[in-house]
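A short worksheet on the structure shown next.
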Amino acid sequence: MTKLSVNLNKIATLRNTRAIGIPSVTGAAKTVLDAGAHGITIHPRLDQRHIRPDDVGELAELLRNYPAAEFNIEGNPFHNYMQYAERFRPTQCTLVPDSPEASTSDHGWDLSRDSGRLRPIVDQLKSLGCRVSLFVDPLPESMDLAARLAVDRIELYTAPYAEDFAAGNSRAADAYTAAAVRAADLGLGVNAGHDLNLRNLRPFLQAVPNVLEVSIGHALIADALEFGLSATVARYLVMCA
């Protein structure tokens with residue numbers, strides 16, 4: 001089955017609106033892992049709008065109790081990211097090209113432009129024992145360039161798919177299918193994430209082969225307001241099966 005990694009950024013966003021420590025990010029992590037999620041994802045940012053440095057350490061400590069769970073830290077490697085990889089050695093480092101002022105990740109790497117400066121970063125992360133994944137748009141040429149960088153995986157940016165699916169486009173996943181096939185041909189693992197939800201996740205996974213992991217946060221946390229966090233994780237796991 002496709003693994004589910006739960007993004008906890010929105011839990012931290014809510015926590016940060018007050019200075020009383022609730023909801024607990026580590027408490028939410030424990031809940032989703034106990035409910036069967038395969039891992040957790042966080043995206044510490046320079047402005048600490050959600051995940052804070054202390055959260056990273058506390059989550060790393062929590063995960064010692066879940067040896068099979070994966071720890072995925074996303075971020076721009078040129079924006080104070082590498083300290084987390086060097087200190088905590090997460091299972092996976094997902095590199096994204098977002099700017100500090102961006103509200104959320106909204107595009108993949110331009111590898112025809114950025115490969116040169118990414119190469120030493122990829123080499124360093126792999127030397128730390130981390131799996132390296134690059135956030136990319138569903139373009140076959142990006143798969144070729146990612147393979148030349150010797151990364152382990154790519155993460156397909158799925159917001160355009162989600163928009164097309166919601167609009168009723170029956171071919172919303174076509175570009176993703178082609179990109180995933182090309183990635184597999186090149187020996188790259190395939191992850192996916194952004195705006196996946198209970199309505200569009202299963203159709204995506206049925207159309208796109210070889211997806212090893214999805215990272216889902218916003219929709220999952222929103223659904224948890226209705227169904228509860230544990231029950232929501234269970235619903236997403238059914239979609240991933």
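The values are calculated or read from the model by the stated rules, or taken from the named source; none is laboratory data. The structure displayed is predicted, hence computed values, not measured ones. Note that we place each Cβ from the backbone using ideal geometry, even for glycine, and neighbour counts take in every protein chain shown.
Answer yes or no as to whether residue 234 is modelled with pLDDT of 95 or more and either within 24 Å of residue 13 (Cα to Cα) or polar (S, T, N, Q) (or both).
Judged against the criteria, residue 234 is a match.
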Return the residue satisfying two criteria in turn: it lies in region 66-121 and is of a type in the set (A, V, I, L, M) and assigned to a strand (DSSP E or B), and of such residues it is nearest to residue 7 (Cα to Cα).
73
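Looking at 2, 31, which is the one that is among the β-branched types (Val, Ile, Thr), over 22 Å from residue 225 (Cα atoms) and surrounded by 14 or more Cβ atoms within 10 Å (Cβ to Cβ)? Full working, then the answer.
Working: 31 fails: over 22 Å from residue 225 (Cα atoms).
Just one listed residue meets the conditions, 2.
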Is it the case, given these coordinates, that residue 40 is of a type in the set (A, V, I, L, M), surrounded by 22 or more Cβ atoms within 10 Å (Cβ to Cβ) and in a strand (DSSP E or B)?
yes
Step by step: first the residues of region 189-229, then only those that are in a loop (DSSP other than H, G, I, E, B), surrounded by 22 or more Cβ atoms within 10 Å (Cβ to Cβ) and without any contact (Cβ under 8 Å) to a residue 60 or more places away in the chain, then the one that is nearest to the chain's Cα centre (by Cα). Which residue is that?
196
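Considering region 11-30 alone, what residues qualify as being farther than 15 Å from residue 61 by Cα and part of a helix (DSSP H, G or I)?
11, 12, 13, 14, 15 - these are the residues of region 11-30 that are farther than 15 Å from residue 61 by Cα and part of a helix (DSSP H, G or I).
Residue-wise test of (1) over 21 Å from residue 192 (Cβ atoms); (2) within 17 Å of the chain's Cα centre (by Cα); (3) not polar (S, T, N, Q).
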site: 30; (1), (2), (3): yes, no, yes
site: 65; (1), (2), (3): yes, no, no
site: 72; (1), (2), (3): no, yes, no
site: 77; (1), (2), (3): no, yes, yes
site: 83; (1), (2), (3): yes, no, no
site: 93; (1), (2), (3): no, yes, yes
A careful count of residues in region 130-175 that are hydrophobic (A, V, I, L, M, F, W, C), part of a helix (DSSP H, G or I) and surrounded by 15 or more Cβ atoms within 10 Å (Cβ to Cβ) gives 8
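Residue check: is residue 46 closer than 22 Å to residue 98 by Cβ, surrounded by fewer than 18 Cβ atoms within 10 Å (Cβ to Cβ) and of a type in the set (A, V, I, L, M, F, W, C)?
Details: closer than 22 Å to residue 98 by Cβ: yes; surrounded by fewer than 18 Cβ atoms within 10 Å (Cβ to Cβ): yes; of a type in the set (A, V, I, L, M, F, W, C): yes.
In short, yes.
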Whichever residue in region 89-114 is within 24 Å of residue 212 (Cα to Cα) and polar (S, T, N, Q) and, among such residues, is surrounded by the most Cβ atoms within 10 Å (Cβ to Cβ):
94
Can you find, within region 192-219, the residue that is nearest to residue 178 (Cα to Cα) among those that are polar (S, T, N, Q) and in contact with a strand residue (DSSP E or B) (Cβ under 6 Å, 6 or more places away or on another chain)?
210
